[in-house]
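Working notes, structure below.
The values are calculated or read from the model by the stated rules, or taken from the named source; none is laboratory data. None of the values given here were measured: they were computed from a predicted structure. Neighbour counts are summed over all protein chains in view; Cβ atoms, including those assigned to glycine, are modelled from backbone coordinates with ideal geometry.
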Amino acid sequence: MARLAYIAALVAAISPAAALQLADVVATYGLTESYNFTFPTQALSGSEADNWILDKWSINSQHGISFGKEDIAFVADPSAPLTRRDADAPDLEGRADVLAAKDNTPVLRIEYPKGSYSAGTGGTQFYAQPLNATSQSQNIFPNTTSNGQFERMLLSYDVYFDDFFVFNKGGKLPGLRGGPDPIGCSGGHQAVQFKCFSSRLMWRDGALGEVYAYIPTSQKNFCSTLDVVCNNDFGTSLGRGKYSFQTGRWQTVWLYVALNRADIANGVVAFYYNGTKAFEFKNLEIRNSDTVESIGGVYFSTFFGGYDSTWASPVQQFSYFRNMQLYAGLGAANGTGNRISAATVAQPSILLSAVLASMAIALAGGAML
């Protein structure tokens, strides 16, 4: 009996944890409002695909689709056994797998042309802001202060890479961003200067995953924290290698960000892969100014790169997205943390300078990394 108990305990120890339900995670974080990104019922490409996103997904009016309009399409699910074109053949009409393909809602496909990397050469980038707090929004997160804006958000989506996808050195995937500047906090334009933050996902060589964040790095001992990799010129890697992307199958990602209080480093970034928490970072300084009032929405940013051709896609490749959902709640993070000595209250002249600098970057066609 003792031996059987030992074996049972060993099996329990090595068995993967049961997958969490999204609704339970949303409830845990006290997120009260949600938005489902609608997808078309038929395939779209070219300007029709672009216009769908611009019309339906609440794209930032200043930002639009920053680049990659030609790389956006809505197509049949690549995991379906047959395409819609195949389903139109009369001799196949009765097959169950064909009927499933017919009923399948199109998914978003993003192209990475051969040789593309960063700077608008492939992939796409836009900023979607479908959720905005109102006087009716309620803060149900315990022991938190609220400025009336959404200071906590969770982004959920499914992503798919083709069977023979070549990840090369790395590339970006959609995440969350916030602050008054819709352009900064990427491409080496840091959070402190532009009063913003961003937290995209990223794949690395070997399909290793991480959260790639533009947040302040001046917090004492932050860059020596386990599973944190700082880069003086670009973003900071959180949890690199704590999960890995797969090819030839849909996989679900949930990214949660809670802003710290403007004067306390108690922010949170948590990431879940296929319903299992891969990692969580607490006591983060995500903002050091109350200029960053909220998490604005989805930073749909995906491309190979990296800042030079060694990061380029070696062949024409695609990624696919479906089931995009956004959840939001009032109230900053409620954990303890160190006081932020450099915390500031926004001054109009500082904010104007940041916006003007961002406009200059956009006009110059600066790289988005």
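Observations on the structure shown:
To keep it simple, each residue is scored yes or no on (1) touching a Gly at 6+ places or on another chain (Cβ under 9 Å); (2) part of a loop (DSSP other than H, G, I, E, B); (3) at pLDDT 85 or above.
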residue	(1), (2), (3)
50	no, no, yes
73	yes, no, yes
86	no, no, no
94	no, yes, no
99	no, no, no
108	no, no, yes
115	yes, yes, yes
118	yes, yes, yes
131	yes, yes, yes
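- Tabulated pairs, region 242-254, first touching a residue at least 12 places away in the same chain (Cβ under 8 Å), second part of a loop (DSSP other than H, G, I, E, B), C-beta under 6 angstrom, 6+ apart or interchain: 247/163; 247/165; 248/163; 251/274; 252/274
- Selection within region 294-323: residues that are of a type in the set (Val, Ile, Thr) and within 30 Å of residue 261 (Cα to Cα). The member of this set that is surrounded by the fewest Cβ atoms within 10 Å (Cβ to Cβ) is 302.
- Breaking point among (1) crowded, with 24+ Cβ neighbours inside 10 Å; (2) touching a Leu at 6+ places or on another chain (Cβ under 9 Å), for residue 171: (2)
- Selection of region 284-302 for residues being farther than 19 Å from residue 239 by Cβ and in contact with a helix residue (DSSP H, G or I) (Cβ under 9 Å, 6 or more places away or on another chain) yields 287, 288, 289, 291, 292, 300.
- Remark: pairs (first residue in region 34-57, touching a residue at least 12 places away in the same chain (Cβ under 8 Å); second residue aliphatic (A, V, I, L, M) and in a loop (DSSP other than H, G, I, E, B); Cβ separation under 6 Å; 6+ apart in sequence or on different chains) = 35/131.
- Checking residue 179 against (1) on the phi < 0 side of the Ramachandran plot; (2) crowded, with 20+ Cβ neighbours inside 10 Å, the condition it does not meet: (1)
- Here is the figure for region 302-323: residues that are out of contact with any Leu (no Cβ under 8 Å at 6 or more places or on another chain) and in a strand (DSSP E or B) total 5.
- Checklist (1) closer than 21 Å to residue 124 by Cα; (2) hydroxyl-bearing (Ser, Thr, Tyr); (3) modelled with pLDDT under 95 applied to residue 217, failing item: (1)
- Checking each residue in region 258-274 for being of a type in the set (Asp, Glu) and surrounded by 21 or more Cβ atoms within 10 Å (Cβ to Cβ) picks out no residue at all.
- All positions within region 26-48 that are assigned to a helix (DSSP H, G or I) and over 17 Å from the mean Cα position of the chain (by Cα): 27, 28, 46, 47, 48
- The residues listed here are 271, 245, 281; of these, the one that is farther than 22 Å from residue 186 by Cα and either in contact with a helix residue (DSSP H, G or I) (Cβ under 7 Å, 6 or more places away or on another chain) or modelled with pLDDT of 95 or more (or both) is 245.
- Selection of first residues in region 275-302 that are more than 16 Å from residue 254 (Cβ to Cβ) and of second residues that are among the aliphatic types (A, V, I, L, M) and in a strand (DSSP E or B), restricted to Cβ pairs under 6 Å at least 6 apart or on distinct chains, gives the following pairs, ordered by first then second residue: 282/268; 283/265; 285/265; 302/110; 302/173.
Yes/no matrix, rows are residues, columns are (1) within 22 Å of residue 270 (Cα to Cα); (2) buried (at least 17 other Cβ atoms within 10 Å of the Cβ); (3) modelled with pLDDT of 95 or more; (4) within 20 Å of the chain's Cα centre (by Cα):
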site: 124; (1), (2), (3), (4): no, yes, yes, yes
site: 127; (1), (2), (3), (4): yes, yes, yes, yes
site: 134; (1), (2), (3), (4): no, no, yes, no
site: 143; (1), (2), (3), (4): yes, no, no, no
site: 148; (1), (2), (3), (4): no, no, yes, no
site: 151; (1), (2), (3), (4): yes, yes, yes, yes
site: 155; (1), (2), (3), (4): yes, yes, yes, yes
site: 160; (1), (2), (3), (4): yes, yes, yes, yes
site: 167; (1), (2), (3), (4): no, yes, yes, yes
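- Of the listed requirements (1) over 17 Å from residue 155 (Cβ atoms); (2) surrounded by fewer than 21 Cβ atoms within 10 Å (Cβ to Cβ); (3) touching a Lys or Arg at 6+ places or on another chain (Cβ under 8 Å), residue 250 misses just one: (1).
- Looking across region 24-66 at every residue that is charged (D, E, K, R) and crowded, with 18+ Cβ neighbours inside 10 Å, the one that is nearest to residue 142 (Cα to Cα) is identified as 33.
- When region 199-254 is filtered for residues that are of a type in the set (A, V, I, L, M) and more than 24 Å from residue 164 (Cβ to Cβ), the ones remaining, listed by number, are 211, 213, 215, 226, 228, 229, 238.
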